[in-house]
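Student: Before anything else, here's the structure in question.
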Amino acid sequence: MAYRVDGIESEEELKKAQAAAQAQGASIPNYNEWAQIMKDLSEAGVESTGSYSGDKAKLKEIQTAVEEFIKDVQIEQIAQQRKQETQQVKETSETDSEQTIKANVANATSSEIMANYMKYYHLMS
């Protein structure tokens, strides 16, 4: 036999109502689940709505909000990681470009020195 209750706003009240129901040979529907829901709500700092269906809906709402928050954080982390990777590629490209310019200047300078050396060498011989 089911014992109907409403207006229970704490785990302690739920335990008392379950004891009263058992004394009459009945039980509160979904007692174990409701007790867990009330515990989860209490840990989250949220007050009970006073009914099983209200508490269950409130817990589902909180869980959905937490899941969305986690997804948003994960998306932000991925965006930050991609931004860092892009910055690293950009810095590597800039470094490579600078090295290419330095190599071209060094090659041009050494080529000019060699050309001048050969010119002077031929002039002296």
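Student: Set Lys and Arg Cβ to +1 and Asp and Glu Cβ to -1, take the dipole of the chain about its Cα centre, and tell me which of ILE28, VAL73, ALA103 lies farthest positive.
Tutor: Final value for the positive-end residue is ALA103.
Student: Something else now. Let me know the Rg and Dmax you get for the chain when you use only its Cα atoms, in Å.
Tutor: Values for the chain (Cα only, Rg and Dmax): 37.9, 125 Å.
Student: Using a simple spin-label model with points 7 Å from Cα along the Cα→Cβ vector, what separation in nm is obtained for MET124 and SER53?
Tutor: Result: 10.6 nm between the two label points.
Student: So what is the 222 nm mean residue ellipticity for the chain from helices alone, if each DSSP H run of at least 4 adds -39500 (n - 2.57) and you divide by all residues, rounding to the nearest 500 deg cm²/dmol?
Tutor: Details: 3 runs with 99 residues, N = 125.
Using -39500 (n - 2.57) per qualifying helix, the result is -29000 deg cm²/dmol.
Student: Grab the Cα-Cα distance for SER111 and GLU12, subtract it from 0.36 nm times how many residues apart they are, and report the gain in nm with one decimal. Display every interim value, and only then the final one.
Tutor: Details: separation 99, 0.36 × 99 = 35.64 nm, distance 9.12 nm.
Residue separation times 0.36 nm, minus the Cα-Cα distance, leaves 26.5 nm.
Student: Calculate the dipole size of the chain relative to its Cα centre from +1 charges on Lys and Arg beta carbons and -1 charges on Asp and Glu beta carbons; express the result in debye to the nearest 20.
Tutor: Numbers: 13 positive and 21 negative charges, 85 e Å.
Dipole magnitude for the chain comes out near 400 debye.
Taken together, the values in this text are just the output of simple stated rules run on the coordinates, not laboratory data. It should be emphasised that the depicted structure is a prediction, and the values quoted were computed from it without experimental measurement. Using ideal geometry, Cβ is built from the backbone for each residue, glycine included, and neighbour counts are taken over all protein chains shown.
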